[in-house]
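Beneath this line is the structure, given in structure tokens, with notes to follow.
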Amino acid sequence: MKKLIIAASLAALFAGSALAETIKVGVTPAEHAQIMEQVKKVAATKGLDIEILDFSDYVVPNQALADGELQANSFQHQPYLDNQIADRKFDIVSVGTTITTPMGVYSKKVKSLDELKDGATVGIPNDPTNGGRALLVLASKGVLKVNEAVGLKVTPADITENPKNIQIVELDAAQLPRSLDDTDASVINTNYATAAGLDPKKDAIAIESEKSPYANVIAVRTEDKDKPWVKTLVESYHSPEVKAFILEKYNGTVIPSW
């Protein structure tokens, strides 16, 4: 009987080891990295070990995923992913939504958009989807008007009305917080804003509406999308523990999108 118990215990141990799996997940700084640390804790209880890798820009994490250096990434919204797939022919796909981070307008020179003077400079991200998103934020606040027929992919060339002759300056998204010394205002993604010590609720002079199509996603290679670890990763992210962490830590500046 004793031998049977020992054998059963060993079998259970080896079965648990067989179920354990390690994946590498790419994130960008601030909330994406912080939330993934919480996801890692939940996933560990389900037999999935997550190694988190930080990236400082928006291009490399998709290339690393496509090249097999990562098994998943969690940093981008769906329109950006769609654009990356169209431009770079990545064979990757989203498998679940994560958070929405309303984009904010920040300034060291004015307290509101109404104070922007004629010819003021405004920085926006230089990638097509986030640049278009920034222009839509400015349009929604009445700073300028864009050609609505273009949809989410508006560019400075699609500005149809610009009563204050705003000069749009396109910069790498990660550099925008540092641009505030030189621009009159800049439209900054939340992860780069918070990484630079900016509080979207306290420091933004304008903020994107919560009703936007820019929910962030978890992406994997298409060939992996039906693997068991993908389901575990998404379930771990969508857990009550992770949702509670987001709601408590970010107080409305980062919103669960599931």
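The values are calculated or read from the model by the stated rules, or taken from the named source; none is laboratory data. Computed from a predicted model, the values in this text were never measured in an experiment. Cβ sites come from the backbone with ideal geometry, for glycine too, and all protein chains shown count toward neighbours. The accessibility values were calculated without ligands, DNA or RNA, using every heavy atom of the protein model including side chains. Shrake-Rupley method; radii C 1.70, N 1.55, O 1.52, S 1.80 Å.
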Whole-number percent relative contact order across region 144-258, with pairs defined as alpha carbons under 8 Å at least 6 apart: 13 percent
Carbon plus sulfur fraction of accessible area for region 180-258, probe 1.4 Å, in percent: 49 percent
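Could you work out the relative contact order of the chain? I mean the mean sequence separation of Cα pairs under 8 Å and 6+ apart, divided by the number of residues, in percent. Let's see the in-between values first.
Details: 462 pairs, mean separation 73.3, N = 258.
Taking the mean separation of contacting Cα pairs over the length of the chain, I get 28 percent.
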Rounded to 10°, Cα long-axis angle of helix 240-250 versus longest principal axis of the chain: 30 degrees
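Let me check against my output: what whole-number percent is the relative contact order of region 116-189, with C-alpha pairs under 8 Å and at least 6 apart? Before the final figure, lay out each step's value.
Values: 129 pairs, mean separation 34.1, N = 74.
Rounded, it is 46 percent for region 116-189.
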Segment Glu210-Ala64, extension gain: residue separation times 0.36 nm, minus the distance between their alpha carbons: 49.5 nm
Inter-label distance, nm, simple model (7 Å from Cα along the C-beta direction), Glu235/Asn251: 3.5 nm
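Can you give the extra length, in nm with one decimal, that the chain gains between Ser56 and Glu21 once fully stretched, where that is 0.36 nm per residue apart less the Cα-Cα distance? If you can, show how the numbers build up before the last one.
Numbers: separation 35, 0.36 × 35 = 12.60 nm, distance 2.64 nm.
So the chain would gain 10.0 nm between Ser56 and Glu21.
For the chain, report the accessible area per residue in Å² (1.4 Å probe, heavy atoms, rounded to an integer).
Each residue of the chain exposes 49 Å² on average to a 1.4 Å probe.
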Between region 171-230 and region 128-149, the alpha-carbon center distance in angstrom: 16 Å
Gaussian network model of the chain, Cα within-10 Å springs - most flexible of Pro213, Pro102, Pro79: Pro213
C-alpha long axis of helix 78-88 to longest principal axis of the chain, angle in °: 90 degrees
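Pairs to check: Lys145/Lys202; Lys108/Lys201; Lys24/Lys243; Lys109/Lys164; Lys153/Lys201; Lys202/Lys243. Give those whose C-alpha atoms are more than 20 Å from each other in this structure.
Pairs exceeding 20 Å: Lys145/Lys202; Lys24/Lys243; Lys153/Lys201; Lys202/Lys243.
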In nm, spacing of pseudo-spin labels at Glu115 and Trp258 (7 Å Cα→C-beta vector): 4.1 nm
Dipole axis of region 132-248 (+1 Lys, Arg; -1 Asp, Glu on Cβ), positive-most option in Ala185, Ala206, Val146: Val146
Cα-based helix-to-principal-axis angle, 228-237 vs the chain, degrees rounded to 10: 60 degrees
Spin-label model distance (nm) - Asp203 vs Gln167, 7 Å beyond Cα toward Cβ: 2.4 nm
Modelled FRET efficiency - R0 25 Å, Arg178 with Ala44, Cβ distances, 0.05 increments: 0.10
Distance-filtered residues of region 112-127 - backbone nitrogen under 18 Å, label point 7 angstrom along Ala157 Cα→Cβ: 125-127
